[in-house]
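Read the figures in this text as sums done on the coordinates, not as results from a lab. None of the values given here were measured: they were computed from a predicted structure. Here the Cβ positions follow ideal geometry from the backbone for every residue, glycine too, while neighbour counts run over all protein chains shown.
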Amino acid sequence: MLYLWLKALHVFFVVSWFAALFYLPRIYVNLAAVPAENTAEYDRLLGMAQRLKRFSIPLHIGVWVCGLTLTIDSLGGISAWWAQGWLHVKLLLVLCLSGYDGWCTRLLRDFIARRNTRSHVWYRWFNEVPVFFLIAILILVIVKPL
């Protein structure tokens, strides 16, 4: 029963964290497109990005805590999942996605310091990265091809 609760929490954290990973770079698209003289709009979008980033931190932590806890078997040892290749690849992808999240934090710092040098078009492409991670992770978890 505890396993199912952990699994439900893990799915909740994953869905919520991905929502933030999809929306934060979308705010960056808008921030990069704001004309320099429109400081009110820039500050409004920047505030939205900062609040979303702060909100996403506990979600990110919840993904890792619940996910790793799920890999511990009922006797407190390492689950048989650790012998399956799909889990290793999934963890690598989630680690890379955590790096993407860190990159989002760095980009936010650049916007705060008004040092952004990238165009809104670049951010439109950057915004698509989590989609590919989501597709790959879902296939690994559901199909378990490895």
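Taking amide H positions as placed 1.01 Å from N in the peptide plane, with prolines and chain starts having none, which residues 5 or more places from Asp73, or on another chain, fall under 5 Å of its amide H?
Residues meeting the amide H criterion: Ile78, Ser79.
Could you calculate, for the chain, the ratio of the Cα radius of gyration to the Kirkwood radius, expressed as Rg to Rh?
1.07
Just want the answer: with Cβ charges of +1 for Lys and Arg and -1 for Asp and Glu, which residue in Leu134, Ala49, Leu95 is farthest toward the dipole's positive end in the chain?
Positive-most Cα among the choices belongs to Ala49.
What length, rounded to one decimal in nm, is gained on full extension from Asp43 through to Phe55, with 0.36 nm per residue of separation minus their alpha-carbon distance?
Taking 0.36 nm per residue and subtracting the Cα distance, the gain is 2.5 nm.
Apply the Kirkwood formula to segment 97-146: the hydrodynamic radius equals the inverse of the mean of 1/r over all pairs of different alpha-carbon atoms; give it in Å with one decimal.
12.6
Using the Cβ atoms and a cut-off under 12 Å, what net charge is assigned to the surroundings of Arg124, where Lys and Arg are +1 and Asp and Glu are -1?
After counting each charged neighbour, the total is +1.
Springs between alpha-carbon atoms under 10 Å, Gaussian network over the chain: tell me which of Cys104, Cys66, Cys96 tops the mean-square fluctuations.
Its mean-square fluctuation being the largest, the pick is Cys96.
In the structure displayed, which of Lys53/Lys90; Lys90/Lys144; Lys7/Lys144 lie more than 20 Å apart, Cα to Cα?
Lys53/Lys90
What are the membrane-span-like helices in the chain by this rule: whole DSSP H runs, Cα extent along the axis at least 18 Å, mean Kyte-Doolittle hydropathy at least 1.6?
Helices meeting the span and hydropathy rule in the chain are 129-143.
What shape does segment 1-46 have by the C-alpha gyration tensor, where a ≥ b ≥ c are the square roots of the eigenvalues, rounded means a/c under 1.5, and otherwise prolate means a/b greater than b/c and oblate the rest?
prolate
About the Cα centre, and with charges only on the beta carbon of Lys, Arg (+1) and Asp, Glu (-1), how big is the dipole of segment 2-143? Nearest 20 debye, please.
240
Can you compute the modelled spin-label distance between Asn30 and Leu93, with each label point 7 Å from Cα toward Cβ, in nm?
Each label point is offset 7 Å from its Cα along the Cβ direction, giving 3.0 nm.
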